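One structure below.
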Amino acid sequence: MRHLLTTALFLLASPMAAQEIMTVTVPETVDDMEFAVESAIIDMGLTIDFVSYTGAMLERTGADVGSDVEIYSGATLYNFCSAKVSRQVLEADPANIAYCPYTIFVYSLPGNPDETIIGHQVYPGESMAPANALLDEIVQSATQ
């Protein structure tokens, strides 16, 4: 019981409860920016573990859940890891495993398909600074 209470208190006080997101908006199509983000990740010598086609899933399943709202005109998330950065942040605090793998998202909104938003979650704490720097570098590389 004590362990369960400690876990519940940890979850309530967890920095994960208040998420900060970093975004950059560029005057490019979502297709072009998906390619740019994927290329930036690969060019850094990283392997993309999983690509989530969230926009396509939402479009495909809208009617099934009783919605005709178009949320995105395109939305994709890229999950990946860096052995070097992950080792660094996990050695600093083993609980940082909660933030692995890292994710960069790319989306555009209906009615504005020539503008794309790219971003990532900003991880809390000094121990996650290397991961935040890596994500910022990838977004910057993709949007140049």
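What follows draws every value from the coordinates through simple rules; no lab data is involved. Predicted model, so just to flag it, every value in this text is computed and none were measured. Here Cβ is always computed from backbone atoms with ideal geometry, including for glycine, and neighbour counts include all displayed protein chains.
What size of dipole, in debye to the nearest 20, comes out for the chain about its Cα centre when the only charges are +1 on Lys and Arg C-beta atoms and -1 on Asp and Glu C-beta atoms?
Values: 4 positive and 19 negative charges, 160 e Å.
With only Lys, Arg, Asp and Glu charged at Cβ, the dipole is about 760 debye.
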Tell me whether the range 19-143 comes out rounded, prolate or oblate; compute the Cα gyration tensor, take square roots of the eigenvalues as a ≥ b ≥ c, and use a/c under 1.5 as the rounded threshold. prolate
For the chain, what is the mean residue ellipticity at 222 nm derived from helices alone (per DSSP H run of n ≥ 4: -39500 (n - 2.57); sum divided by total residues; nearest 500 deg cm²/dmol)? -12500 deg cm²/dmol
Per the charge dipole of the chain (beta-carbon charges, Lys/Arg positive, Asp/Glu negative, Cα centre), the residue among 47, 86, 138 reaching farthest to the positive end is 86
Relative to the chain, whose Cα atoms define the longest principal axis, helix 2-13 and its Cα axis are tilted in degrees, nearest 10, by 50
Across the range 91-108, in residue order, what do the Karplus-derived ³J(HN,Hα) couplings come to in whole Hz, using 6.51 cos²θ - 1.76 cosθ + 1.60 with θ = phi - 60° and x for Gly and Pro? 5, 5, 7, x, 5, 5, 4, 4, 9, 9, x, 7, 9, 10, 10, 9, 8, 10
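Report the local net charge at residue 131: Lys and Arg +1, Asp and Glu -1, summed over other residues whose C-beta lies under 12 Å from its C-beta. Can you show the working numbers first?
Numbers: positive: 84, 87; negative: 93, 126, 136, 137.
Charge balance near residue 131 sits at -2.
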In whole percent, what relative contact order does the chain give with Cα contacts below 8 Å and a gap of six or more residues? 33
